Amino acid sequence: MPSLRPKPKMDSRAALLSVLAHKSFRLGEFKLSSGGTSDYYIDCRTTTLDAIGSRLTGEVFLAEIRRQRWKPQAIGGLTMGADPIVTAVSVVSGNLNGFLIRKTEKQHGTGQRVEGFREKGVRVVIVDDVCTTGASTIQAIEAAREFGFVIVGAMCLVEREEAKGRRNVEKAAAPAPFVSIFTANEVRREHIRQDKRKAAPANALPKVKAPRIRTPTIFAVAAACELCGRPAVTNMPGNRCEAHKS
């Protein structure tokens, strides 16, 4: 009898990596916003704005914030890469406020650049979706400090290591540390693994033999039924007619 115990769920980090590799990662020839080119493209928003991806993003970021023991009161970043991450973490946490930083100050209304939570002097974490050169993360760090926030940590969902933006972000965030949830190479490996699994031919699957069912051999014989004398239709287990064969 099969076990009634539920199967263990994939942990949030592994599940988030799987979603990123499936929904956000593409191989090919792409031009980057930094002006360079790359053999892959990653759009984290297709994951962070996905219903399941959003929940996983919130869980993974929150777990890392707690692991780092930063104890922030709010989380925020530069619009728009940070927007869904800020919302996801805030909702999952139940107690972390969120704020968004405009790329430029509004030219109308209050003219403020920081939207949402606006309490000066509190501990905050800056988040971003992808770190390439680190320009958007650095812009958020500088604007947050200028506003009056105390930055205790900076995070990104995916770090493109080949662009060497980490050093720039670490310098801007110091003394606060900079943490990436995944590297682009990790997402690439998972994407390739998924593609190989999808491309596996059907005959690569293990063959399962059908169970062999034994049935009695029935054939006509030139004999009489041992019970009544009528023509026999089987000799298993003995000569039997149609009426007495079972």
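The values are calculated or read from the model by the stated rules, or taken from the named source; none is laboratory data. Computed from a predicted model, the values in this text were never measured in an experiment. Ideal geometry is used to build each Cβ from the backbone, glycine not excepted, and the neighbour counts take in all protein chains shown.
Taking the condition surrounded by fewer than 23 Cβ atoms within 10 Å (Cβ to Cβ), assigned by TED's automatic domain parsing to the domain that holds I181 and part of a loop (DSSP other than H, G, I, E, B), does T133 pass?
On the way: surrounded by fewer than 23 Cβ atoms within 10 Å (Cβ to Cβ): yes; assigned by TED's automatic domain parsing to the domain that holds I181: yes; part of a loop (DSSP other than H, G, I, E, B): yes.
Against the criterion (surrounded by fewer than 23 Cβ atoms within 10 Å (Cβ to Cβ), assigned by TED's automatic domain parsing to the domain that holds I181 and part of a loop (DSSP other than H, G, I, E, B)), T133 qualifies.
Being touching a residue at least 24 places away in the same chain (Cβ under 8 Å) and over 17 Å from the mean Cα position of the chain (by Cα), is that true of even one residue in segment 46-65?
yes
If I filter segment 169-213 down to residues being modelled with pLDDT of 90 or more and among the polar types (S, T, N, Q), which single residue comes out as farthest from T57 (Cα to Cα)?
The extreme case among them is Q194.
Identify the single condition in (1) in a helix (DSSP H, G or I); (2) under 25 Å from L96 (Cα atoms) that A176 does not satisfy, given that it satisfies every other one.
(1)
For segment 136-157, indicate whether the set of residues that are at pLDDT below 95 and in the same structural domain as T47 (by TED's automatic domain parsing) is non-empty. Steps first, answer last, please.
Our first condition is that a residue be at pLDDT below 95; within segment 136-157, this holds for none.
Checking segment 136-157: not a single residue is at pLDDT below 95 and in the same structural domain as T47 (by TED's automatic domain parsing).
Does any residue of segment 95-106 turn out to be over 24 Å from D50 (Cβ atoms) and buried (at least 17 other Cβ atoms within 10 Å of the Cβ)?
There is no residue in segment 95-106 that is over 24 Å from D50 (Cβ atoms) and buried (at least 17 other Cβ atoms within 10 Å of the Cβ).
Looking at segment 107-127, is at least one residue closer than 23 Å to L49 by Cβ, in a loop (DSSP other than H, G, I, E, B) and touching a Lys or Arg at 6+ places or on another chain (Cβ under 8 Å)?
No - not one qualifying residue is present in segment 107-127.
Evaluate the following for T79: is it buried (at least 18 other Cβ atoms within 10 Å of the Cβ) and among the polar types (S, T, N, Q)?
Spelling it out, it is not the case that T79 is buried (at least 18 other Cβ atoms within 10 Å of the Cβ) and among the polar types (S, T, N, Q).
Give A143, A74 a once-over and let me know the one that is small (G, A, S), farther than 25 Å from S24 by Cβ and more than 28 Å from the chain's Cα centre (by Cα). Steps first, answer last, please.
Values: A74 fails: more than 28 Å from the chain's Cα centre (by Cα).
Only one candidate qualifies: A143.
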